[in-house]
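What follows draws every value from the coordinates through simple rules; no lab data is involved. Not measured: the values here are computed from a predicted model. Here the Cβ is made from the backbone with ideal geometry for all residues, glycine too, and neighbour counts use every protein chain on show.
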Amino acid sequence: MRAAVTERAGAMAVLDRPEPSEPEAHEVVVAPEAVGICGSDYHFFAGELSEEAGGSEFPRVQGHEIGARIVAVGPGCRRELTVGTRVALWPLQACGECYPCSVGRPNTCDAFELIGIHVDGGLQERLSVPEEQVFPIRADDPAVASLAEPVSIAVRAVNRARVQRGERVVVLGAGPIGQCICLVARERGARVLAVDLQENRLEVSQAMDAETLLWTSADDVVAFARRWARPAGPPVVFDATGAPPAVRAMVEMVASAGRAVQVGMSGDDVTFRLGVLTEKEIDLLGVSCCGAAEFGQAVAVVERNPELLGRLVSHRFGLAQAPEALRFAMENPTEVMKVVIGG
Ligand SMILES: [Zn+2]
Ligand SMILES: [Zn+2]
């Protein structure tokens with residue numbers, strides 16, 4: 001079978017590899033149909049992932065946003081897993097023993113294994129997966145099925161933020177994750193203001209039923225958001241950029257007793273006046289990937305919103321073009337919303 005293998009930092013090639021053997025007990029073999037590429041893939045590919053984020057170990061088949069079909073089912077799997085079923089893959093496997101696992105947060109397990117990071121991922125024609133990571137999904141377009149993974153990050157973020165019906169929520173960054181947060185927060189009944197540097201991204205946020213604001217300067221954005229959520233400022237703000245000016249704007253604009261939620265990944269240092277934490281007593285929350293129940297919620301969000309989420313898919317490539325696709329995505333950040341590889 002063919003596999004797009006990241007052989008070393010900055011080098012991916014499409015190679016022949018042996019197919020996985022018949023699935024063992026509680027395991028299925030899937031044929032990936034669509035694999036979304038995201039920012040963490042760029043960092044892994046460039047060899048930039050920190051040890052904490054899983055490091056970058058080569059050679060590796062990347063791809064953790066996976067829509068697939070089941071092609072073989074091992075003994076003992078639950079009955080809904082049948083050959084031909086379209087599925088989305090929850091990329092996480094946790095150790096079950098460390099502190100975060102012991103308090104019910106396996107998504108921050110110190111020893112977790114993520115598909116496409118620690119174990120080989122979706123950019124190949126066959127992949128064997130433990131059944132717990134396999135979620136049937138009703139989606140006509142496998143690219144839409146693959147969006148369950150980015151949607152699951154948004155579900156995690158909105159759950160961490162405890163978003164309530166009627167609350168005013170600001171989302172900084174209208175890339176795929178920011179868009180998914182808009183959608184999930186709207187579904188929870190919040191009013192959402194999306195902020196981005198790019199007008200064309202904000203048009204998509206409007207389709208997600210968010211109000212929008214073009215990022216001009218941090219001061220202007222903070223002032224606008226605080227007026228928009230008069231009189232106290234927004235009770236919930238998400239940063240989906242990882243850019244230091246946006247993170248500073250988040251902690252400045254959030255209401256006292258509010259929640260500031262960091263979703264965008266970054267290796268940058270950010271400075272802000274510590275007084276905002278003590279004076280406003282805000283909750284500053286980080287978001288990693290999600291747990292199994294949240295992945296199930298994400299699948300349901302995708303099933304309810306296939307057309308809307310389909311708008312996030314801006315470019316499609318075949319598996320044979322995977323190296324070009326990744327390069328294209330990395331070189332055209334303003335043009336690309338979501339590159340999907342498959343077929
Ligand atoms: Zn991703
Ligand atoms: Zn663990």
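Here is the tail figure for region 105-199: Cα pairs spaced more than 23 Å apart come to 40 percent of all pairs.
Considering only A218, Q198, C180, and ranking their Cα positions along the charge dipole of region 151-286 that arises from unit charges at the beta-carbon of Lys, Arg, Asp and Glu, the one farthest toward the positive end is C180. Scoring 74-80, 227-233, 185-191 by mean Cβ neighbours within 10 Å over their residues and listing the highest first yields 185-191, 227-233, 74-80.
Diffusion of region 151-286 by Stokes-Einstein, at 20 °C in a medium of 1.002 mPa s and with Rh set to the Kirkwood radius over alpha-carbon pairs, works out to 151 µm²/s. Between amide H atoms placed 1.01 Å from N, distances below 5 Å from L127 occur with V30, all of them 5 or more places distant or on a separate chain. Taking amide H atoms as placed 1.01 Å from N in the peptide plane, the amide H of V192 lies under 5 Å from those of V169, E211, each 5 or more residues away in sequence or on another chain.
Our analysis of region 38-118 gives Rg over Rh at 1.04, with the two radii drawn from alpha carbon positions and Rh computed by the Kirkwood formula. Any chance you could give the angle, 0 to 90 degrees and rounded to 10, that helix 176-187 forms with the longest Cα principal axis of the chain? On a 0 to 90 degree scale, this one is about 70. Counting Lys and Arg as +1 and Asp and Glu as -1, what is the net charge of the other residues whose Cβ lies under 15 Å from the Cβ of E199? Around E199, the charge tally is -3. Where Rh is the Kirkwood radius over the Cα pairs of region 44-169, the temperature 20 °C and the viscosity 1.002 mPa s, what D in µm²/s does Stokes-Einstein return? Taking Rh from Cα pairs, D becomes 132 µm²/s.
Any chance you could check the Cα centroid distance between region 277-325 and region 1-47 for me, in angstrom? Cα centres, region 277-325 to region 1-47: 19 Å. Placing unit charges on the Cβ atoms of the charged side chains and taking the dipole of the chain about its Cα centre, the candidate lying farthest along the positive direction among A34, A157, A257 is A257.
Here the 3J(HN,Hα) profile of region 309-321, calculated from phi with Karplus coefficients 6.51, -1.76 and 1.60 at θ = phi - 60°, is 5, x, 5, 6, 7, 9, 8, 10, 9, x, 4, 4, 9 Hz, Gly and Pro shown as x.
In angstrom, the C-alpha Rg and Dmax of the chain are 19.8, 62. Estimated from helical segments only, the mean residue ellipticity of the chain at 222 nm is -8500 deg cm²/dmol, where each DSSP H run of four or more residues counts as -39500 (n - 2.57). Each listed q (0.19, 0.24, 0.26 Å⁻¹) maps to a log10 I(q)/I(0) for region 264-327 from the Debye sum over equal C-alpha point scatterers, namely -1.01, -1.06, -1.09. For the chain, find the longest principal axis of its Cα atoms and tell me its angle to the long axis of helix 322-331, 0 to 90°, nearest 10. The angle comes out near 10 degrees. The relative contact order of region 26-101, computed from alpha carbon pairs under 8 Å that lie at least 6 residues apart in sequence, is 35 percent. How tilted is helix 218-228 with respect to the longest principal axis of the chain? Cα atoms for both, answer in degrees (0 to 90, nearest 10). Roughly 80 degrees between the two axes.
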